Amino acid sequence: MKRMILFSATALCFLQATAQQDKNISAWYQSQVLYNPAAVATGAEDYSIFTNYRAQWLTVPNAGMRTNTLNAEFKIRDGVMGRNSFGVGVSAVNDQTGDAKFMTTSVSIPFNYTIALDRNNKFSIGLSPGFYQQSVDRGSQTWENGWTGINFVSNPNAELSLNSSYATIDLGTGMYYQHTTRNKSSFYAGYALNHLTRQKIAFSFGGDKLYMNMVVQAGADLTTKRRDFHVQPSMIFFRSGVSYNFTAGCSFEHTIKEGSEITNINKSTNVTYGVYYRHNDAVVATIGMKVKGVKFGLAFDANYSKLSQATSSIGAVEAYFKTQLYYKKMNHRGKLR
């Protein structure tokens, strides 16, 4: 019964929004490059690795969705003392859902160039070539789950004539701006366009094309009167065709142990927690910790949309892990310190 409710509600949402499945994680603010290639390696660290696991629709048997994300970012200084830099990375997302094992894999190589406009402002522009692949297990589809996109088919062999997978090139681009104030507060804003190639969903000769995906992101890390307490509001907005997705909220960061700001030899220890609102979908609660350059945390989506009858309001559970590392510094004698 839950599966029927979930299918009916999902189909209704798709028909109303003419939506397409795309990248979506609740901890997006931990790795902005997932949606915007201009954001690669724009943080204070020289290189980082981010991995995320998301399990969705856990209460619905054989209809759950799991998503694995891996991002790696590397900063290359433009000159020994230059404030400009190149950024290059790898971004991979794989998800699978349903009895038919519908799977989407997206792999890209984002790169950018960051210009220091002055001591307080930076501007980046980036490009992200890659590939996009989808597949489905046609043999597992029956009358109950054999949806062709137009109607149900009672003969499984009719579906076997369709493509079980396809792969195509993908391309994205974006711009990213950062501002730092005198009291060490920071702000960022980004704009990106993904699926510029508008590749065909080539399961059949009559397949539609992906909509171009527009992403707007913004946020801040606000220093308060207490040095050990930061406020971090953020938002992200997607638009694909006539459908859209908007998420906004705020995290709070407490510094338990303060590290060194210049040498990065002593690492800080921080605890973060926050609440986010995803329009017409869910309320997201997050908690995380940073210990010696390593971040890890959890996110929980409390679903309240039309799918909540099937999901029992348990939208998704998510866990992330991120390392933030620095190149070893050279002292005035040319030795590593």
With a 1.4 Å probe and every protein chain kept in, tell me what percent of the accessible surface of region 283-328 is carbon plus sulfur. 71
Using the Kirkwood radius built from alpha carbon pairs, what does the Stokes-Einstein equation give as D for region 50-97 at 37 °C and 0.692 mPa s, in µm² per second? 246
May I ask you to order 48-59, 244-255 by the average number of other C-beta atoms within 10 Å around their residues, highest value first? 48-59, 244-255
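The values are calculated or read from the model by the stated rules, or taken from the named source; none is laboratory data. These numbers come from a predicted model, not from an experiment. A quick note on method: Cβ atoms are made from the backbone with ideal geometry, for glycine too, and the neighbour counts reach across all protein chains shown. Side chains included, ligands, DNA and RNA excluded: accessible areas come from the protein's heavy atoms. Shrake-Rupley method; radii C 1.70, N 1.55, O 1.52, S 1.80 Å.
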